[in-house]
Amino acid sequence: MDIERGLILLQKAAERLAWQMDQSGVTGVGTDGSGSVRVELDDAGQVRQVDIGRMWWQEIGPEQLSVAVLDAANQAAADRLKIWSERVAEREGGDPPTDWQSSMDQQRGNDGSNHLRSAESASRESRAEVLLRTSEVTRAALSEVDGYRHRLEARGGQQVVGRGRDNRATVAVKRGQIAEVEISQRWLREQPSGSAVGSEVLAACQDAYDQETEDEAASLAGLPAIVELRELTADPAALLRRLGMAR
């Protein structure tokens with residue numbers, strides 16, 4: 001009885017923490033000092049929109065436009081962090097609503113992708129079998145740790161450079177954060193529209209994010225146990241449901 005009560009308390013604590021720290025829906029908006037450049041981040045912290053005003057040539061000029069875009073992106077990141085921190089504080093001590101789903105649950109429900117056994121198959125297993133599988137995955141992952149560490153060290157803190165569709169803008173991203181922005185001065189002196197420049201910068205951002213995703217996948221190639229363990233531990237509440245310890 002005490003064990004069952006302890007598992008229930010653990011499940012509630014895991015769900016409460018996952019709900020409190022959840023970043024779904026937390027976006028950010030930032031502008032440069034002139035207000036001519038506006039950058040929006042989605043709830044994954046990635047750039048989803050870059051708006052550059054029609055008067056950018058007079059208000060910023062070609063030499064400072066790249067700096068202005070980076071400034072707006074940094075402000076958007078700070079805005080998103082502030083909003084998330086405030087939500088975490090507001091949810092402290094509270095309980096998630098009964099219909100709340102973690103971002104991991106939502107992803108699994110939307111695209112159906114999951115390297116773990118489906119909830120349906122898990123329901124046919126005993127808790128002992130699931131616990132045994134989890135233990136086996138953990139042991140296997142430990143044997144893969146050195147290989148994963150070596151791959152991460154090889155990548156180091158390298159920046160990933162994305163390029164726009166017309167190769168007129170480059171964006172350097174490091175660990176998901178925009179570190180540098182460079183827009184062709186030759187092109188800017190032709191006075192392209194703000195929307196054209198914004199679209200080119202956004203394309204460069206997406207290219208960098210795609211490369212980061214590919215690099216992460218390459219780092220995990222041949223390390224199936226680490227991949228599965230990452231999924232197991234990404235959402236404590238989902239893991240407890242999988243073990244039959246939660247609703």
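Read-outs throughout are calculated quantities, based only on the coordinates presented, and are distinct from any laboratory measurement. None of the values given here were measured: they were computed from a predicted structure. Glycine gets a Cβ as well: all are built from the backbone with ideal geometry, and neighbour counts include every protein chain shown.
The modelled label-to-label distance for the pair V161/W57, using points 7 Å beyond Cα in the direction of Cβ, is 2.9 nm. A full extension of the chain between K12 and Q49 corresponds to an added length of 9.6 nm, given 0.36 nm per residue minus the alpha carbon distance.
Using the Kirkwood radius built from alpha carbon pairs, what does the Stokes-Einstein equation give as D for region 18-57 at 4 °C and 1.567 mPa s, in µm² per second?
The calculation lands on 113 µm²/s.
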